[in-house]
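Right, one structure below, let's go through it.
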Amino acid sequence: MARRRRLKRGPYVGALYYPTDEARHGAGGVRRRLYLVFLVVTLVVLSGTLGYWILGQGRWSMMDCAYMVVLTITTIGYGEHLPIHEVRHGPLFTMFLMVVGASVSIYALSSVTAFIIEGDLGEVLWRRKMRRRLESLSDHFIVCGAGQTGGGVVEHLLNSGVQVVVIDKDPVRLEWLQRRVRGELFGVVGDATEDLVLQECGLARACGIVASLQTDQDNLFVTLTARQAHPGIRIVSRAVEERSASKLLHAGANTVVSPNNIGGRRMAHEMLKPSVVGFMDLIVNQQDHTLTVGECPLPPLTHLNNVPLAMSRIREVANVLVLSVLWEDKYQFNPAPDFILKAGMTLIVLGERSGIETLTQFVAR
């Protein structure tokens, strides 16, 4: 079994190596070896018990025969428990059982010792622990790809206080990401285009997935798989080439992002509108500031249903500014004071993080 490096586990990080084909075969080989040991020992004990019972022609009980076999193959040497010299071929059968039993005992002991010393036992227990932690996750986000783009996504998601599972084939990239972020991170080494890998990461319980792999084909496959397995999940996909955006949207992505296109726009805005870009960075990217843009959905039973914005007391209670209102996939920018709020709308607000949390609690009353 090839040894695989384990991601460093600090106080912030939990990592699970998903069993790739090599790992599956390796783990299966360990299990088969242990099963073989158990099978051979069981076969020797049963054969020896039956042999003594036949030699004694039923004069000894099965329990006494089994006890004699265990004493013989373990070479404990309590003495002759059964009067084997009184039966024909008794000593000869016992000598044969000693040779076979001793060989089996040595093989079993060496296999178990190797299993423990080589770290396989610790690896199995650690994997089981990480798998249980993954199975306990819900409403988390899955990020496919731990490269520069995926790493940036993970960093911002963790800064928002959500749980993230990251999938990547390369453990080196996961180690790099582990050093870059300081949050509760699950790193899964595997192919995100495989259905089983996504299921292992709790796709059915996730609330969002980001496809940020190196090629549009892989992102397309992840999008199709995620949409078919979880129709209600939100999918954000990366498009390396802009012409792939329509295909990704057709495959089920809610939003497609082209980093190259966005990067070009950002550079142009830095040249033409540096003050605006600086303000947006202050809101979106600066972690040492609490000012941010957030969304606040109005629940079905909100007390603000059919209430004008001016009468909602939003500014008074939470001290946030309503920038826009999303309703039926349309945005109402800078809503007027007489704008009527309705349940199901989503408020896009600017304010302190604490104020947005207060607003979320306020509208749910």
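Just so it is clear, none of the values below were taken in a lab; they were calculated from the coordinates. Small disclaimer: the values here were computed from a predicted structure and weren't measured. Positions of Cβ are backbone-derived with ideal geometry, glycine not excepted, and every protein chain shown enters the neighbour counts.
Some points to look at:
- With 5 Å bins from 0: P(r) over segment 31-77, alpha-carbon pairs, percent: 5, 23, 25, 21, 14, 8, 3, 1
- Electrostatic bookkeeping for residue 247 treats Lys and Arg as +1 and Asp and Glu as -1; over the other residues with beta carbon under 12 Å from its beta carbon, the sum is -2.
- Largest first and in whole Å, the equivalent-ellipsoid semi-axes of segment 243-365 read 30, 21, 13, each the square root of five times a Cα gyration tensor eigenvalue.
- Pairwise FRET efficiency - residue 340 versus residue 131, Cβ, R0 = 45 Å, nearest 0.05: 0.35
- Built amide H within the under 5 Å cut-off of residue 345, gap 5+: 298
- Additional length obtainable on full extension of the chain from residue 280 to residue 317, 0.36 nm per residue less Cα span: 10.8 nm
- Separation in nanometres of the label points that stand 7 Å from Cα toward Cβ, at residue 57 and residue 310: 11.4 nm
- Per-residue Karplus couplings for segment 149-159, computed as 6.51 cos²θ - 1.76 cosθ + 1.60 with θ equal to phi - 60°, are listed in order as 5, x, x, x, 4, 4, 4, 6, 5, 5, 5 Hz, Gly and Pro entered as x.
- Value of D in µm² per second that Stokes-Einstein yields for segment 167-312, Kirkwood Rh from Cα pairs, at 20 °C (1.002 mPa s): 117 µm²/s
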